[in-house]
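Quick notes on the structure that follows.
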């Protein structure tokens, strides 16, 4: 199906995510690791603009000219546009402009979110120019997203979602209420591949130490699969209390009660064990968030972004200002429910 309509542009907000806990299991035969995490979309975003005109090919541009954003076929937006055109049997010259507001290598899922926003915008362009005779089904969108990257399917769900497998299997959870938060973005970037390599080295070192200490006797420490089962139970214990059930604690909000539940569960991000020793300044920023009054703080993904959840927007704004005075790039924002995510994502225009 050839593109014969005048070129037009559709803009879509590309929202970020955080991880509420991230547990890393054993390396799999395919080279990935089994994961357990709760994804949560937040209000910070990039903007993706997609246009389709006569001709062929895919062009990627970065409005901010960030040298860390690839402009070739390695870009997730390029790979997504290629797959969508192929699935729909559509032809035309696709131009994708990325307006970067989210950090690169920040652990906020920016590249993955950008790719899903490209999918949404490209379908909208083809639909608006009446060159689209069919649309992608829900299962097809999820399949394409998982082929492009592990955490892309999250951005086809939004809100609060459980991530398992290598992170590509996502299951909508009852939404957490919108929670005020601060996102702190250090100057350093953390390579996800390197973080996994450091994690594997840490686990191998621990196993070697255990073998030495037991003189080769059979170990009784739970394996990776057992650990992830225990983690699943902990996540269930935290989630079951709350999102849409139970009364708020006296004198507190439902969000405040959830944060206390989160802390009591001991939910954590495994990557902190290997990232903080490599980048001590990230541990310092986590401490600064705690001292600024955060109810819960964590690294997001493999970093380098950290976040803190707060009681109120005023507390979050005050904490962000305090961190900026300490020389840390910080911004007050909030989590997004699923309804908020889709309502704001689909605001389009030139």
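Just a few scattered comments:
- Label-zone membership for the range 176-201, site residue 312, 7 angstrom Cα→C-beta point, backbone N under 20 Å: 177-183
- Summarised in one figure, the compactness ratio Rg/Rh of the range 53-109, Cα atoms and Kirkwood Rh, is 1.01.
- Length gained when the stretch residue 191-residue 140 is fully extended (0.36 nm per residue, less Cα-Cα span): 15.4 nm
- Spin-label model distance (nm) - residue 171 vs residue 56, 7 Å beyond Cα toward Cβ: 4.4 nm
- FRET efficiency, residue 343 to residue 82 (Cβ-Cβ, R0 35 Å, nearest 0.05): 0.75
Read-outs: derived from the displayed coordinates by stated rules, not from any lab. The model shown is predicted, which means the values in this text are computed figures rather than measured ones. Glycine also receives a Cβ, built like all others from the backbone with ideal geometry; neighbour counts cover every protein chain displayed.
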